[in-house]
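Have a look at the structure below, then the notes.
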Amino acid sequence: MTARQAGVPELPVDLDRLGVDITRPHPARRYDYLLGGKDNFAADRASADELARTFPHIRTAAQENRRFLIRAVRWLARAGVRQFLDVGTGYPTAPNVHEAARAINPDSRVLYVDNDPVVVAHARALLTSPEPDAIGYLRADLRNPATILDSPQARTTLDFGQPIGLLLVAVLHFLDDTDQPYTAVNTLIERLPPGSFLALSHVTFDPLPEDTTRNLTALAQPAAGHGTFRARTRDEIAQFVSSLDLVEPGLVSVVDWHPDEDPKPEAPAEHAAFDVAVARLP
């Protein structure tokens with residue numbers, strides 16, 4: 001259940017002031033719609049529905065990705081990680097990262113980062129903490145990792161002398177090759193302290209039928225109007241963690257990563273279409 005489904009009222013946001021174009025689909029709003037949320041517009045719903053006609057399991061994939069996020073955060077918290085950098089966080093969805101982490105380590109700290117100003121506005125209003133600076137919010141783009149790492153919010157919320165859990169969940173496939181995604185990830189990793197972790201999930205067409213892959217690839221072209229999207233093979237995804245120590249079971253389908261932990265996966269790999277990994281910085 002999402003926070004929006006649970007009855008949290010929609011927030012009054014001045015979209016014009018924030019420069020939001022609601023006539024074009026946005027990944028965070030489309031993802032919110034796929035998860036059953038209400039923070040989306042007609043363009044986001046139309047985009048998601050068209051993708052669903054080609055890949056009917058897209059909502060299942062979104063749900064499995066969300067389940068992985070919570071399993072990974074709980075695993076990291078049990079491993080002693082007490083601070084998280086969540087890049088591409090999307091709209092608040094219960095349980096949120098800080099809620100999952102704080103259920104294990106009550107002193108956990110989280111910096112939420114997204115490039116959508118509406119996401120940040122919602123997060124700032126809904127994700128609160130009685131402890132000053134324990135939860136931070138930053139509007140920034142993964143394509144420019146320095147704006148994240150050098151921000152006042154990062155320095156206020158995170159202690160770069162202690163391990164950090166970097167979360168790149170369902171965000172890297174929105175970076176095309178021309179956006180230099182490997183460089184962006186490496187820049188973040190190089191600035192994290194020893195003992196930190198990276199948890200990532202990435203869409204892959206590897207388990208899908210050939211005709212579905214062909215049709216989804218066509219929908220990912222700029223002329224299709226769904227925005228930048230770049231699914232990658234497992235070998236391509238492995239390059240993001242090639243310098244790190246993979247946590248068992250390694251780079252696997254989202255439904256095969258610690259499937260006995262809650263929230264347990266509920267779908268086969270061909271319905272989820274995500275590869276995931278958690279890796280430790282040497």
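The values are calculated or read from the model by the stated rules, or taken from the named source; none is laboratory data. Since the model is a prediction, treat every value here as computed from it, not as a measurement. For neighbour counting, all protein chains shown are included, and Cβ atoms are generated from backbone atoms with ideal geometry for every residue, glycine included. Accessible surface is based on the protein model in full, side chains and every heavy atom, while ligands, DNA and RNA are left aside. Shrake-Rupley method; radii C 1.70, N 1.55, O 1.52, S 1.80 Å.
Structure above, values below:
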item	result
VAL203 more than 22 Å from PRO25 (Cβ to Cβ) and open to solvent by less than 50 Å² (accessible area, probe 1.4 Å)	no
All helices (runs of 4 or more DSSP H) inside the stretch 181-255 with 1 or more residues being farther than 30 Å from THR23 by Cβ and aliphatic (A, V, I, L, M)	181-191, 234-238
Close pairs from the stretch 66-78: first farther than 18 Å from ASP275 by Cβ and among the basic types (Lys, Arg), partner open to solvent by less than 10 Å² (accessible area, probe 1.4 Å) and in a helix (DSSP H, G or I), Cβ under 6 Å, at least 6 apart	ARG74/ALA100
ASN215, sole failed condition from (1) out of contact with any Leu (no Cβ under 9 Å at 6 or more places or on another chain); (2) buried (at least 17 other Cβ atoms within 10 Å of the Cβ)	(2)
The stretch 164-174: number of residues that are closer than 14 Å to ILE148 by Cβ and either part of a helix (DSSP H, G or I) or open to solvent by less than 10 Å² (accessible area, probe 1.4 Å) (or both)	4
Boolean, PRO25 is under 19 Å from ALA231 (Cα atoms), open to solvent by 60 Å² or more (accessible area, probe 1.4 Å) and either modelled with pLDDT of 90 or more or not aliphatic (A, V, I, L, M) (or both)	no
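Quick grid of which residues meet (1) within 19 Å of the chain's Cα centre (by Cα); (2) in contact (Cβ under 8 Å) with a residue 12 or more places away in the chain:
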{"residue": "PRO207", "(1), (2)": "no, yes"}
{"residue": "ARG214", "(1), (2)": "no, no"}
{"residue": "THR228", "(1), (2)": "yes, yes"}
{"residue": "VAL255", "(1), (2)": "yes, yes"}
{"residue": "GLU266", "(1), (2)": "no, yes"}
{"residue": "ARG280", "(1), (2)": "yes, yes"}
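So that you can scan it fast, the table gives a plain yes or no per residue for (1) open to solvent by less than 10 Å² (accessible area, probe 1.4 Å); (2) acidic (Asp, Glu); (3) out of contact with any strand residue (DSSP E or B) (no Cβ under 8 Å at 6 or more places or on another chain):
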{"position": "ALA43", "(1), (2), (3)": "no, no, yes"}
{"position": "ALA46", "(1), (2), (3)": "no, no, yes"}
{"position": "ARG53", "(1), (2), (3)": "no, no, yes"}
{"position": "ARG67", "(1), (2), (3)": "no, no, yes"}
{"position": "GLY80", "(1), (2), (3)": "no, no, yes"}
{"position": "PHE84", "(1), (2), (3)": "yes, no, no"}
{"position": "THR89", "(1), (2), (3)": "no, no, no"}
{"position": "PRO92", "(1), (2), (3)": "yes, no, yes"}
{"position": "SER108", "(1), (2), (3)": "yes, no, no"}
